[in-house]
Amino acid sequence: MRRRPPKSHHTPVKHWTLRARLTALLATALCAFTGLSTVAYLTSSREEDRLESGFAEELAFLADLPVQRALMHKIDIDEADYLLTHKADWLARRRAAIDEFRQNHRALAVRLKHPGEIEEWRQIGAAMEAYIASQDRILERARRGAMNRDEAVETALAKEEVDAVIERMSRMGRIGFQRMDAQRRSARAAAFATFGFILAIGIVGALALSAAAAAILVGPVLRLRAQAGAWKLGEPWKEPSADGPREIQDLMDTMRTMAAKLNEQFERERETSRLKSQLVSGVSHEFNNALTVIHTAHVLLMENDTSAVDAPWHEMMEANIRALSAMATNLLNLGRLESGKFNLETQRVDLGPLLAHSLERLSVIGRRKKLDIRLETPPNLPAVLADPDALQLVVANLLTNAFKYTPEGGAVTLGALERSPGLVEVFVRDTGIGIAPADREKIFSGYYRTEQGKKTAKGFGVGLALSRMILEAHGSSLELDPAPMRGSRFFFVLSPA
């Protein structure tokens with residue numbers, strides 16, 4: 001029977017969690033820093049021990065130099081005393097000082113480390129031995145009586161040889177002090193070098209740690225952000241699972257699930273929007289057909305009934321038919337715009353006649369409310385580039401809103417003015433209920449009406465949205481005067497033909 005290989009419990013590094021990766025990174029950095037600090041400490045400690053040992057030996061040597069100089073002086077003085085007194089005690093003292101000098105000289109020679117110092121110390125000893133031998137010859141002459149009193153005094157006062165040897169020994173002591181100072185400076189430089197090394201390693205380590213932490217934390221997040229940025233609504237999430245920490249993989253799976261839910265919601269909303277557009281277009285179309293029949297019947301009634309008593313009723317019916325027709329047209333065109341079936345055919349348009357015709361056609365709605373209706377257009381108004389039918393629809397929407405939301409006795413003005421250079425502004429101004437600042441952007445969104453507007457007149461709230469969309473197709477925009485004196489003032493700007 002074939003045996004199955006044992007399951008490995010080793011987890012690859014690429015599947016580690018962020019916490020495990022950061023822990024491993026920090027532990028590695030801490031171990032490395034601890035190791036470097038230990039090495040630096042041991043190196044510095046060893047250097048301090050070596051310096052301390054060298055200082056101790058040097059100081060011990062320098063401390064014994066005065067003793068040697070004193071012994072040299074004593075040997076010289078004992079010789080002089082014997083030459084002047086001829087007492088044998090001075091010779092014995094001199095011999096003891098010589099023995100002690102030689103013993104100390106040999107002991108101090110062992111402490112020296114540098115070849116130059118050893119050679120100098122040997123020469124000092126040789127010079128001293130030569131001086132002692134010279135003294136021995138002088139003392140031998142004195143014992144034989146071959147030296148008179150004056151010669152003995154002159155020899156006793158002669159100090160040149162011993163002073164030269166003492167000077168060499170003093171100079172060696174000064175060199176020792178200089179060497180100690182050099183060692184001290186070297187130790188300080190080594191300490192600064194060690195500190196600089198640790199500081200440099202710390203800075204490099206901190207930068208490396210930051211880069212590694214950024215790669216561990218920021219890198220996967222940036223890759224995830226790039227994948228999320230490449231995804232488009234309505235498309236499936238094509239990116240594979242992130243090959244990284246477990247948290248990133250979980251986040252990627254969560255985003256994939258979220259993308260699927262958003263796509264489902266997007267499809268539902270798109271289908272709902274399509275059905276809504278179809279419904280609005282169908283209802284508006286049928287509504288327009290019914291209004292056309294009503295309008296035709298009303299025209300026939302007016303032709304057969306010319307009495308002055310029924311004239312107000314006919315005017316009221318005509319105004320309402322026109323208002324309902326404008327609503328139905330707006331709904332139908334809004335559906336066409338949303339479905340992309342509304343096409344513009346721009347051409348040269350004379351604004352004066354177009355505005356006058358629009359105002360005349362809709363003024364019946366305003367006359368029922370006894371409104372002061374005005375047209376303000378300057379002579380020689382430049383022609384503009386626009387779709388005349390679409391432009392009439394925009395003007396009709398603005399006038400209809402102004403008539404609806406202006407109380408009886410108010411004023412509505414349709415006008416145009418020339419802007420520099422060659423631009424033409426079209427505006428509709430009324431003295432109606434106005435629009436609150438909080439509602440100024442919402443009214444252009446479609447199917448939105450203010451609370452005051454709902455109380456004042458009926459409607460669907462699509463006229464302004466439709467007008468803005470038509471003007472944006474013209475490269476313009478429908479704007480609302482931010483601070484009118486009273487009521488509202490809507491305007492848009494058209495380019496010259």
Would you pick out the residues in region 425-438 that are farther than 15 Å from Val394 by Cα and surrounded by 17 or more Cβ atoms within 10 Å (Cβ to Cβ)?
Asp430, Thr431, Gly432, Ile433, Ile435
So which of Leu83, Leu112, Leu71 ends up being buried (at least 18 other Cβ atoms within 10 Å of the Cβ), more than 24 Å from Arg171 (Cα to Cα) and touching a residue at least 12 places away in the same chain (Cβ under 8 Å)?
Leu83
Just to be sure, is Arg322 modelled with pLDDT under 80 and either at positive phi or of a type outside the set (Gly, Ala, Ser) (or both)?
yes
With the condition kept exactly as written, say whether any residue in region 178-195 is in a helix (DSSP H, G or I), among the β-branched types (Val, Ile, Thr) and touching a residue at least 24 places away in the same chain (Cβ under 8 Å).
yes
Of the residues that make up region 144-161, is at least one farther than 30 Å from Leu26 by Cα, modelled with pLDDT of 80 or more and either assigned by TED's automatic domain parsing to the domain that holds Leu42 or touching a Cys at 6+ places or on another chain (Cβ under 9 Å) (or both)?
yes
Within region 439-451, identify whether any single residue is buried (at least 19 other Cβ atoms within 10 Å of the Cβ), touching a Ser or Thr at 6+ places or on another chain (Cβ under 9 Å) and modelled with pLDDT of 85 or more, and answer yes or no.
no
Residue pairs, Cβ under 9 Å, 6 or more apart or interchain, first in region 418-434 and more than 18 Å from Ala402 (Cα to Cα), second of a type in the set (Val, Ile, Thr) and surrounded by 15 or more Cβ atoms within 10 Å (Cβ to Cβ). List them.
Glu418/Val424; Arg419/Val493; Leu423/Val384; Leu423/Val493; Val424/Val384; Val424/Val493
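The values are calculated or read from the model by the stated rules, or taken from the named source; none is laboratory data. All of these numbers come straight from a predicted model, not from anything done at the bench. Every residue, glycine as well, gets a Cβ built from its backbone with ideal geometry; the counts of neighbours run over all protein chains shown.
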